[in-house]
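Worksheet for the structure shown next.
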Amino acid sequence: MIANPNSWHGSVRTIALCFAVALLEGLDLQVTGLAASGIAAEFKLSPAQMGWMFSAGLLGLLPGGFVGGRLADKIGRKMILVISVILFGVFSLASVYAWDYSSFLVARLMTGLGLGAALPVLILLSSEAFEEKHRSTAVSMTYCGVPLGGAFASLFGMLNLGYGWRSLFYIGGLLPIAVAVLLILWLPESRAFQKDALHRRHVGGIGQTSFSDLFRSEMWRSTVMLWLGFFFTITTLYLLLNWLPSLLMRQGVDRSHASIVQIFFNLGGAAGALLTGRLLDRIRPGVVVVLTYVGMLLSLAALGLSDSFAVMTVAGGLAGYCALGAQLVQYSLAPKLYSTYIRATGVGTALTIGRMGAVGGPLIAGAILAAGAGVGGVMLAASPGLVIAAATALILYEKKTAESEGAIPR
């Protein structure tokens, strides 16, 4: 049975299926960090090699986001999402059968390609499923699946399923393949895409969009500021996603307690992703931006300076809330800046720019630790970028608010 894309039920089904994919994406993004000690022991990895291990999947995210976004504007959101989910499921399974460090890196690189292509489409499908006043909430309902998936990964990581570190990759591979079948059967295509494609077909313009459309007229300023916000926000998020358990253990926290803090980080992230979107739809976005980024700076300071497990747990939850809330701020903003025909390209390109920072973040953290700066040095290094990200988001949201109130001509 194919869902009717023009019905309320079709919109709800879109959000439910996109949430399921986001859940799997969150699980897969964190399995390497959770399995890191087992992988490092088996392949005898140095800290620098571990940094590359974390970054291999992120390198795949770079072309994935850009290509996935471009193709989603040309041939449709649904088809690209299905292909992406199958891709990251198959190569997550391939990670199980890695026989050495190099083969594991290749498997994670290809997994990242599928993950990278999926996320901009998830944002677009959820954003386009509802009218403007509910779009931030819709994006947040989808994206909160990512930290929840990370929390499930942490729980699975605490269980002994009999396959060691490979257990997490079995789960991260089989579930996406099953969900891809549900997407084929039940996911409706975006109504906005269908309407825009029909219009462009009538005027002979379908398939004629280009990357340069992101820089037409005054749009280039918004595009560049969006890229800065994505870059610094995602850099900090992925640093925490990949290094948080290892950083805590360097401060003397044992593995089980580090896993608890990681769970609180992910649960806080789920709350941050969900509530931030709701707040963006209900109050002035600038207020949400300031609170989110200030909270992020405070939580990083607490994680870097405290030696109390209780404080670390609370700070971990707050860091998760603010880090995912900050990313939701960026994800909700991006679709608002672009017209339908170029929207997926705009979102996918911004994600690609952000993920350049995500690739570098774990490597920089490894270098800082190798230089002996300690956990506090890692947290301090992230702070200036967060200030820049907050400033650019504040400017863009205030501009969009002024436009909606009629202060600036569209």
With a ≥ b ≥ c from the Cα gyration tensor eigenvalues, square-rooted, and the rule rounded for a/c under 1.5, otherwise prolate when a/b > b/c and oblate otherwise, region 248-304 is oblate
Distance in nm between residue 177 and residue 41 label points, each 7 Å along Cα→Cβ, equals 2.8
So how strong a dipole does region 186-339 carry about its Cα centre when Lys and Arg Cβ are +1 and Asp and Glu Cβ are -1, to the nearest 20 debye?
-> 440
Measure up 195/400; 133/336; 133/399; 74/133 against 19 Å on the Cα-Cα distance and list the ones that go over.
-> 195/400; 74/133
Residue 127: net charge of surrounding residues, Cβ under 9 Å, Lys/Arg +1, Asp/Glu -1, itself excluded?
-> +2
Between residue 403 and residue 210, what FRET efficiency comes out of the Förster formula 1/(1 + (r/R0)^6) with R0 = 30 Å and r the beta carbon distance, rounded to 0.05?
-> 0.75
Charge tally for neighbours of residue 275 with beta carbon under 13 Å away, counting Lys, Arg as +1 and Asp, Glu as -1, is +1
Output the direction-averaged projected area (hull surface divided by four) of the convex hull of the alpha-carbon atoms of the chain, in nm².
-> 18.9
Scan the chain and note any complete DSSP helix (H) whose C-alpha atoms cover at least 15 Å along its axis and whose Kyte-Doolittle average is 0.0 or more.
-> 8-43, 47-75, 77-96, 101-128, 145-158, 166-186, 219-250, 255-282, 285-305, 309-337, 340-370, 374-404
How big is the charge dipole of the chain about its Cα centre, in debye rounded to the nearest 20, if each Lys and Arg gets +1 on its Cβ and each Asp and Glu gets -1 on its Cβ?
-> 700
Quick one: check the C-alpha center-to-center distance for region 136-197 versus region 40-65, whole angstrom.
-> 21
What 222 nm value per residue comes from the helices of the chain, counting each DSSP H run with n ≥ 4 as -39,500 (n - 2.57) and dividing by all residues, nearest 500 deg cm²/dmol?
-> -29500 deg cm²/dmol
In nanometres, the difference between 0.36 nm per residue of separation and the alpha-carbon distance of residue 134 and residue 191 is 19.0 nm
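Any read-out appearing in this document is the output of simple, stated calculations on the displayed coordinates, not a laboratory observation. The structure displayed is predicted, hence computed values, not measured ones. Cβ atoms come from the backbone with ideal geometry, glycine included; neighbour counts cover every protein chain shown.
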